[in-house]
Each structure stands twice: as structure tokens, then as C-alpha cells.
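Just so you know, all these numbers are worked out from the coordinates, no wet-lab data involved. Everything quoted here is computed from the prediction, not taken from an experiment. We place every Cβ from the backbone using ideal geometry, glycine too, and count neighbours over all the protein chains shown.
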Amino acid sequence: MDTPVPTDHTTLGRRRTLAGVLGATLVVGLLAPAATAATEGAAAPQERAERVAAASQPELRPTSGTYLDGTVPVTADPVAAGDPVTALAVDGVPLDAAATPATARLLFDVGSNSIERRYGSHVLVNGERLELDRDMVSERVALDVPAQWLVQGENQVRFVVGAVTTSCGSNYDDFDLTDLSLELLGEAADGSDNRYSYAFGDGSCGSNTARVLTADLTFDLDQDPAATTGLAADLDTTTLENGAHTLTATTAAGETASSAVTVNNGAPGAPALTPADGALLVGTQTVLATPTAGGDAPAAVELDGTPLDTVTTHGAGTSQFVFTVGSNSIEARYTNHLLVNGQRIDLVDRDYVSETVRVDVPNAYLLPGRNTVRFVTGTYPTSCGDNRDDFAVSGLALDVTDATATGVGIAPSYSLGDGDCGTSATKPREVDLVFDVVRDADAPATGLRADVDTATLADGEHTITSATATGAVARRTVTTDNTGPAIASSTPAAGADLAAAASLAVELVDASGVLSGPDVTLDGEPVEIGAPVGPGLPAGEHALVVTATDVLGNASSHEITFTSLGVPDVPTDLAPAHGARDVGESTELSARVTAPGEGDVTATFSRARVATPVLVAQGESAGVPTTLPVEGEQPAAVDALVPGDDATLDSPQSRDVTYQRLEIPADGDTAGQVVRWEGVVDPQRLATLHVWDGERWTPVASGRGVAEGPTVLSAVLGSGADHDGTVHVLVTGTDPFADDIAAGGSRDETDFAPREDYDFSLVHFTDTQYLAEGAVEQETAEERAVWAKAYTDLTRWVVDNAEARNIAYAAHTGDVNENYTRLPADDAMAAQIRGEYEFSSSAQKILDDANIPNGVLAGNHDNLTGQDNGPGALFNEFYGPDRYEALSAGWEDASYGGPWREGDNQNHYDLFSAGGLDFVAVYLSYGVTDEEAAWADGVLKQFPDRNAIVLTHDYLVPSANPDGRDSEISTPDGRLVHAKVVEPNPNVFLVMAGHRHGVGINVRQDVGTEGSGVVELLADYQFYEVTAEEAGLTEIGGYTPDQGLRLGASFLRLLQFDVDRSEMIVDTYSPWLANFGATEYDDEQRYDGGEDDFTVPVDLTSRVTSLETDAVSLYAPADEIGSVTVPSGEVATVAWDGLAPGTLHAWLVTATSAHGGTAVSPVSTFTTAPASGGLVVETTARSQCMAGKAFVAVRALNADTVPVDVTLSTPYGERTVTGVQPGASAYQAFPVRSAQVAAGTAHVTATGDDRTFAGDVAFDAFACG
């Protein structure tokens, strides 16, 4: 059996993990306790060990939770080469098991052109046949291959395309496969001699000879496929007691897997009961009790001991429903089906055409007397929606064993379906066929059927029993689930009093699993999970309504009522402002406090103790650091990290992760203390605050930079966040490479970006074939001139704007011609093809004559759909290497690199420099081969330090989204180029293509290697239509004014690069139409205009990340300064007297509503003015614990303009620091030589510039531990 596996091979690397997980789940600020991101790096060692163990255990079936009866197969498959399964057991008793081969997997990607089951395509593995027995499309397929089919060494795999008979004869299926591999027990067989992609089929009835009908591949295996085996045994569960049992499988290396199973056998002669044990039931369910072969009839069916109403069935065995299908086949993909007295039988085993079909029908589905068989046409999704299968059936009969069935009113034939996508309103979609069944006199025993409305039962386990007249009982345990998901927990909880802001959280539980939800409203308005609840809610009762749906389709709605205590807003307008200087020794603290509704608010102002880092180290690393200390870190100056000192510490610039690690002493229990980082980070970068939890760095707050002002990250710590009296903090700066730059494009939809906003630009245009065709084939010179001008205006505009827009390079990604997809049928077509080439060449020559560096590749319309290659190709006659080698001599800051092979310019590369950076542009024409991809890979590896652009014709499928985002990679060229050229080369930052009609924009993270970002662009406007009136062709060409003409390729893209920010501003413009809006011309009206005008990040070599840290502090709430009650919305004020001069002070305010709701402000700091006439010196002192010992730490910040000499004096020692520069600090942590310290004061003096400073600063009593 083949099973699909995930198609996305992208690794969730650093950028995606941080931006997509941390940024989405972590709380920034004081709203909630610190959250922990569930990432692989943060997994507990025990969890990681369990995953490793599971990966090496054999695969045992049946799995845990399975119910067993009768004789069941028990199998165990090996998972590691050289470690066969050596034993199977039940409850420790060995089973008599036989060796079985391991299973290999043949894997491949199928493109959007599907493999259709009806064609009968297949694979031969060393001559053994594997059917491609289902439809496969846009997925990665894994086919199971028995290891006994394989050999050590070379294995032959042949793909064979199937065919169906059509009006044109045998038509072969068309599909594209890429990335084929063979895997066995952890070994990926060597398939290096195989191509990466294969185009199978014959086009439309043989129209495409470039495709193949078979392909032979080889895979070399190092291991002996027969050497590592599994085991299989048939377990007769009737030899075991009913109840719980344990199956085990053990390998030669001692790896063991186990399954907890339940045996439930009926008594000998008991009826067979369905549903099976463990079944999950919803709605009306049919219960069938069927006699054993030759056994007695069931006498009754009971549910939880209560008899059910039953009808008699025909009993055991199988009958057949018979019909003849005509030449219009019944296709398996439509899932046509029968309903036999309501019991469904799908017709999906194969396609039926021009034959008589016999479908097995269990006798338990049939009733003595009247029966109804409903024949239902299935549906299949198509471009017009769900289309029903169309077919004719005749000779419909029911062939019943041990009975006679007579049709009642059945027509000789029926034509079913809906025509072509519903065009037929008269054909029935289904038909009911009635049969009367008369049992033979000697027919075996009958069975029983009961239809149970499980919605009348309580959700949960129930027992179904059936017994014969002689007392042989069968029993089944089932679970009913007719209600939607239930709420396991919520924040706020039902009935809770909400006194402070909380993040909305809802946990759901359901027996079948949650399919969608929770969707939540608060007082009737939608609210997102994680949103703050409380602020703005008036005091009183409020209701959350939670809706969800489970896997079975059951919906639920739950109301959670809670009482708001009137949670105030976070206090605002704090004064003195955070970071204020020269504040007096007596000052007023104020804050605006607001609570929902009317009423008074009490503002309580409190002092906060401030702790600043005593150690700083920083560096850069490939990923977020995982250790303490961090390998490779370098010490940094701690002086710059005091709040309000106007000094900053800049981290290293990094292409990966930049970080700063800090150690901050903590007072007592850290519960409720706040760690806070203030600094500057680019809005397109992510800053994350981490705290060491003893084993790992736990992220506690994360945020992108802000455009104006500092970024602030803070988190409330829990108890025990310190280690030996120190809180270890890590701040990281990472690049999420996110496609969310707020300002789109040029910031003006009717113009390009202002020249000062970017350093240089590139031009991209493509698929101009209709313009070239019109310039040659139209009847009059006037009309040909219109089509020609649409093309030449492109290249003339580039020349005219090259200097003003600093255009460094122009690229055309193919299809300069329209009609060279097949060999010309006559001289006239040959002349047309050559004429198109001559015209496009002359249009491109406008760039050449102006010495604009440029390149062109061959599209499928330029190279016979990939079949016209080599130096003699027609493309090379007009765009060959000689042309560009000669032009290169006149290019400035650019050069022609060379063709991939002598004389063949369809694949080539160019070098150019712009904006202080170096670039390499690699071109790959349509029909990319493995050899050509290897050449491109070699070029990119030759220039690893250049920013690389890959240009190819077919790479993306047009986006289905209005903004043009999230395009799929095309098959086969796109997948090949992505896998073999883009992914292996981290210097690739941009891919541009055409071919497919529409737009695609992808911003991919971690492409190939962690931290490598790539932008992929499709911009093909060839099908966009301009009205004849706007084109000026109503008089010249005789078209009606509103007739659409395919002149859309007159649009180009201008890519404008801001090197410092590593951003690309993209604008779409038609010089011929003088119009920036390509969207309005889209013949399918797919997009919203955002795809014409946008800005995206680009991973240039200049793209780095850094942090500018102003302060990192730990704040601990201390004593109350004062409180005051004011009306809601007013400013509350208290006085703070007796402040020490030249000292940093920290404070916060708590707002309490009249009903008891509270909100706490961020901590704010200010510095008092120094004593008059003296030096400006700011002092702090604090008691702290490090390594179990008490210390008194004293700091004096030189806030003056001259160097000073500072002396720090305490009862525990004295230190003099000379030449302390402005903005720097003198610091010393004096050991107390005890585990505790009494409250006291430190004395600080400073001299300089014939001025002095002297002051005392207090420190608190403190005890370690």
C-alpha cells in the first residue's frame, strides 16, 4: 500500500522557530507570567531520551488500545539495519513466529499533473510489479516495497506509464515525478546516477515527444536486504482469557516494543457482532448480530442490558449485486457507491467499463422480504466544482445465496450522472432499486439488525450483547460521542472573579478529537485566544461563549460566565518620565489611573529596588545559545547598562544570532520581581529575553523592534528564578526574515520609490512572446507597430531611466518568441518564427546599444519546449555567447561570465556589482536537466561570497491568494532548480521566473541551511488583456473597443534595493501604458493590487542583526511611598521626600478600582540632581548574595562632563578608582564575609575639575538563602 508523506521538506530552522513560535506565544510586558516555548532545544532530557528510544523500537502491530478476537496476525517490523526482531510474546509467553522481510519505501514527489489510477501505470522493482493504485497529485508518495524484492548492490526500478483508449487511440497518462529515492531501514540507497526529475506521458494523444513512457532507475544498497528480518505469528486469542494482555517484540539488540491490548471473544457458537470493540459511534448506527457458519440464530440484541428492537436479516455469508456498465466507465476516483438497505458499499476497487460487474453484498445487509439498493453517482472536484460521474448501467439484479431475489419495477437500464459539470438536469444522480427476497426452505440461520440512535445515549462507553437461544453470548464495548468538545479549563474560569488582566485561554477535550475551535466571543464580540481579558470590562458579570467542532462533526457551544472586578487600565502618563535626570530631592510622583465605568480609583505608589548587571558577556552564534556560560562569548563593559545613564552597549553584528549575557544579583525570593530590557532593535529583527532556569535558557518575552523610540521587553519572574543569588539573563537578536514589512512597495502606488530610499535597482520582464508575434504577424504595418512599441517601450524606458534609477542590470526570463514550441509545418511558419526572433533581438539591442548589462534565457516557446539545444539551437543564432562577450566589453561594473557549454548560451551567468555589493546572476533555460543544474551549482559555489540571483523560465505556480503570496514550486523545472541549485547554495537570495500566467511572491526562511533566506518571484503578465480602445487598435485593427488583447507583457518589474536595511522595494510598471497597476488587466481578476507594489526582506550579505542595549535591570517591589484616591481618568499625585542626591530611584504605581480590580504600571526610574556646586555623580548601593555569600555593591556613575577620581567606602572595605570618564562608572562589590548583612550606608566621594562630590547611599539588610 502506498501512503502519502509530508511534501514540505523545509526544516523549521532558527528564523522560523523564533518568529513563528516565540513571537506568537510569548507575553511581552507584565500581563502574565513568563511562558515557555516548546521547542526541540528546550525539551526535557527525559522527553528526548523517550523519543530516541521509540525511534529504535520495532514496529509492533496490533498497537496499544486494540481489541482482539478470534485469530489475529501479530507482526513486528525491524527499524534499524542489522537489528532483526528475534522474539514475539504475549504476556511473556513466546509465540511461534516466522521471519518476515523488512519493508523498504520507494519515494517520489508528484506534481500538479496527477497520476490517475485509471491509466494503470505501475512500477517494476527488479521485475516485481507495484501498481500505482490510486490518484496521486501534488504530494510526496511512499510505496512499500518488500525487502525480498531487493538485493544487495544494484536494484533496477522501472516506471511504466499506463494508457486508456480514447477517440485518438491509446492516450498515455501525463505526470511529472521529482526527487526519487529508495530507503530501507535507515539507509538511503545510492541513486546518484538517476535524474532528479522525469516527465512521463505523451502529451495530448502523442503531441509531446519530449515526454517518456518508461524510465529505468538504479539504486545501490550497501546492506543485505535479507539480513534484517521481522517476525509474524497468528495469535489464537481464544486460548487467552478475555481481558487485558500485553504483546511484546524484542530485537537482537534488546530493543523492545509493547502493546496493551484487550481480548474479547464470544462464547463458542456466539453470534458475530458489529460494530467492533472500541468503535466510536455517532448518530444512528446499525448493529448486526450474525450467526456463525452453521451456528444458531441470535435470539436478541441488547444495549447496556436493555433489549433493542430488531429485524431479521438473511444471516451469514455473501450474495452479489450484478449490473452491466457501458462504454462510459464507472471511475473509481468518483467514489460511486451502493446503499443496501442503508449500508454503504463503495465502488472504488477499480474502474468498470464495458463489462458485467458482480459486487459482494454481505447477507447481513439483506432482509427477508423487501430490500432497497440505492445506486449513487459519486463526485470528483474539478475546475467547475464537484462533478458527478456519468455512466449507464443495465441488467441490474441481486443474486442471493440460499434465496431468490425478484426485482420490483426495475427498468432495463439507467443513465446516471449530471452531464458535463451539471449540464444535464434530467439525468438522475441516483436510483432506488427494489428487490423482494424469498429465503430457501433450507437456508441457514438468520441474523438480527438493530438501528440505534446513539444521540439518545449518554456519551461514553456502552456494552452491546447478543446471545443464541442456547446462551452463547457475544459482547462488544463501544463509545458514543454525539456532543461537541467540552471545556477542560479556561482563563477566566467559570464563576471566577477577575481582579487583574489575564490572557484568554481555553482547553478543550473530546473523545474523537477537536477538529476546529475554540472560537470565542466575549459579550458577543469575537476575541482571540491569548488576548488580554479584563481591561475595559465594566464591573459585573460577563460571558464568554466558546464554540468548537470535533472530528465526528459534533458542534458544541459553551457559556463561561465570570465577574469582572473592574480591572483598571495600566496606569499612564507617569511622571517624572522614565529616565528623567536632575530631579529634586523632593518630588511629586503622578500617574493617570482609569477604570471601566464610573467611580474612584486608588493609586498606590511604591518604591522599587533596582539591581543592574555585575557581569556582561556577548558574542554571536549559529543558533540561540543553549549553555551557561556561552561558548565563545567575550566580556563587555557593564558600565553602560544602568537605567537612565544615556549610555548603550552595542552587540556584535551577526548574520546569525547576536546575543548579550548578563548576571544580575537578586534580593530574596524572585517571585514578583520584574526583569526588564530596554534597547533599540530594527523593526525587521526580533529581540528575545531569556532567563536561565537551571538547565536551559527559557524565553520569557519577545518582540520586534519599534520604528520610533526604544523597545522594551519585560517579564514577571516566578519563585526560584535566581541561582545562588544571581538571575542569569540572555538577550538575543535574530532575523525572522518575515514578509510583513508594513510599508508596501514604493509607498506610492502611482510612482516608484523616492531615489533616496534605495541604492540601486534591477529590471525584470518576461514572456513577451505575444508582443513579438504581433509585431511580425499582424496584417498592417500600423497594427504591427503598436505591438512592437509595447515591447520596445520596455527596453527604451530602461535606457532612459538607467541613470536616474541607478539600474544596474536587466533580466528577461524567456519566451521572446511565441511560435517555436514545435518544428514549423511550412515555410510561412518558419519565416514567422525567424521574424519573431529578429524582432525580439532588435528590441533587446536597445539595451545593448546603451551598454546596459542584461541577459536573456530561452523559454519553452524559444527552444522547442526544451528540445532545441546546443550551439546549433536557433536561440544561439540570436542570443548566443558571441553577442554577450562582445557587449561585456562596454559594460560598467559588470561582465559576461560565460555559457554553460561552448557556443550554447541558453544557460549562462553574469557578474555585476552595485550598491557596494557583488552579484552573480545564473540563467537556466526551459527544460532544465540534472547536468545543467549541476553546472549552475558549480557556478554558485565558485562565487560563494557574491549575492546570487537565479533566473529560470519555469519555477513557480501562480498564487491563488489575492496578495500573490504563497506560490507552489512548479514541476519539473521548479523542483529541480530549487533542490539542486537554490537549496545547496546559501548565497542565493533571489529567484525570478515567468512561464506561468500570473504572479507569485514567496519569502522563504531557512532554505537549505538555517538562516538562509530566499525571495522567489513570478511575474508573468502575458495573458493580461488591454482593451483595443486603450491600445489604439479600434481604427487600425478593426477591433471592437472592449475586445481584450494580450498586451500585458508590456509590464516590467523594477526591483529597488536598500542595501543597509537589506530590503527590496518592488514596483510594477508599463512604460507603454504609463500605468503602475497591472492588476486591473488580469483576465482572471485574481489579485488585489498588493502583488504589484510591495516590499520584502532580502538576504544580502549586508543583512545583519544587532542589538543596542540601553539598560537591563531587575526590579523588586519595596515599601509604599503613598496612596491617593481620585476619580477614574484623573491624575493621582503623591510626594516622595528625602531622596538622596545624585542617585537612581525606581518606582511603580498600582491602580485599584472601587470593585477591587488592579493593574500595575511598568517600573519607572529617575535620577536626582547632585548636591549643588559639586560634581554630578549618581550613586546606588545594594545588598546582594553571590555564591551563598553576602556582598554590598556600590556604584558611582560619572554624570558630569569631566573625568573624576572616585572613592567608594563601606564598613566592609574601600576602593578608589581614578580617571572615571563621563558616562562611566566606578563599581565594587564588597564581600561581607558572612551569609547576611545589616542595613547601613556607603559613602561616596569624587574629585575633579576643582570640584567635589560627597554623599551617603543606604543599603538594606539582607540574608542569603
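Tabulated values for the structure
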{"quantity": "Highest-first arrangement of 904-913, 502-511, 848-857, where packing means the average Cβ count within 10 Å", "calculated": "904-913, 848-857, 502-511"}
{"quantity": "Region 1160-1174-region 1085-1131 distance, computed between alpha-carbon centres (Å)", "calculated": "24 Å"}
{"quantity": "Unit charges on C-beta of K, R, D, E only; dipole of the chain, Debye", "calculated": "2500 debye"}
{"quantity": "Packing-based ranking, highest mean first, of 477-490, 950-963 given that Cβ atoms within 10 Å are counted", "calculated": "950-963, 477-490"}
{"quantity": "4 °C / 1.567 mPa s Stokes-Einstein diffusion coefficient of region 103-221, Kirkwood radius on C-alpha pairs, µm²/s", "calculated": "89 µm²/s"}
{"quantity": "Paired Rg and Dmax values of region 317-443, which use every Cα atom, in angstrom", "calculated": "15.0, 55"}
{"quantity": "Among Ala142, Thr626, Asn341 - extreme Cα towards positive end, dipole of the chain, charges at beta-carbon", "calculated": "Thr626"}
{"quantity": "Local electrostatic count at Ala289 - Lys and Arg +1, Asp and Glu -1, tallied over other residues with Cβ under 15 Å", "calculated": "-3"}
{"quantity": "Sites Glu59 and Asp945 - FRET efficiency at Förster radius 51 Å, r taken between beta-carbons, to 0.05", "calculated": "0.60"}
{"quantity": "Overall Cα dimensions of region 1172-1265, principal axis frame, Å, largest first", "calculated": "44, 22, 17"}
{"quantity": "Simple label model, 7 Å out from Cα along Cβ direction - Ala226 to Asp1088, nm", "calculated": "6.3 nm"}
{"quantity": "Beta bridges per DSSP with both ends in the chain, % antiparallel, nearest 5", "calculated": "90 percent"}
{"quantity": "Magnitude of the charge dipole, region 317-443, Cβ model with Lys/Arg +1 and Asp/Glu -1, debye to 20", "calculated": "220 debye"}
{"quantity": "Separation between Cα centres of region 559-577 and region 1224-1244, rounded to whole Å", "calculated": "39 Å"}
{"quantity": "Net charge dipole size for region 330-400 [Lys, Arg +1 and Asp, Glu -1 on Cβ; Debye, nearest 20]", "calculated": "280 debye"}
{"quantity": "Packing-based exposure ordering (other Cβ within 10 Å, fewest first) of Phe391, Phe1023", "calculated": "Phe1023, Phe391"}
{"quantity": "Hits among lysines - C-alpha to C-alpha of Lys427 under 19 Å, sequence gap 8 or more where chains match", "calculated": "none"}
{"quantity": "Nearby lysines by direct alpha-carbon distance to Lys980 (threshold 30 angstrom, same-chain neighbours under 8 apart not counted)", "calculated": "Lys941"}
{"quantity": "Mean projected area in nm² (Cα convex hull; one quarter of hull surface) for the chain", "calculated": "61.9 nm²"}
{"quantity": "Reachable lysines from Lys789, criterion Cα separation under 26 angstrom, eight or more residues apart if same chain", "calculated": "Lys845"}
{"quantity": "Where labels lie 7 Å past Cα in the beta-carbon direction, separation of Ala210 and Ser258 in nm", "calculated": "6.0 nm"}
{"quantity": "Kirkwood-Stokes translational diffusion coefficient of region 373-502, alpha-carbon pairs, 4 °C, 1.567 mPa s, µm²/s", "calculated": "61 µm²/s"}
{"quantity": "For region 197-320, with +1 on Lys and Arg beta carbons and -1 on Asp and Glu, the positive-most of Ala227, Ala270, Ser197 along the dipole", "calculated": "Ser197"}
{"quantity": "Helix-derived mean residue ellipticity, 222 nm - over the chain, DSSP H n ≥ 4, -39500 (n - 2.57), to 500", "calculated": "-2500 deg cm²/dmol"}
{"quantity": "Alpha-carbon centroids, region 651-694 and region 404-476: separation in whole Å", "calculated": "67 Å"}
{"quantity": "Sequence of His978, His728 once ranked by neighbouring C-beta atoms within 10 Å, starting from the fewest", "calculated": "His728, His978"}
{"quantity": "Top positive-direction residue, dipole computed over region 761-1097 with Cβ charges, set Tyr809, Asn947, Gly870", "calculated": "Asn947"}
{"quantity": "Pairwise Cα inverse-distance average, inverted: Kirkwood Rh of region 486-564 (Å)", "calculated": "12.8 Å"}
{"quantity": "Sorted by Cβ density within 10 Å, fewest first, the residues Lys789, Lys427", "calculated": "Lys427, Lys789"}
{"quantity": "Residues in region 567-584 reached by a label modelled at Thr1133 [backbone nitrogen below 19 Å; 7 Å Cα→Cβ]", "calculated": "571-578, 580-581, 583-584"}
{"quantity": "Karplus-derived 3J(HN,Hα), 6.51/-1.76/1.60, for each residue of region 159-174, Hz, glycine and proline x", "calculated": "8, 10, 7, x, 9, 10, 7, 10, 5, 9, x, 6, 10, 8, 5, 10"}
{"quantity": "Relative packing of peptides 232-242, 1244-1254 - highest average C-beta neighbours within 10 Å first", "calculated": "1244-1254, 232-242"}
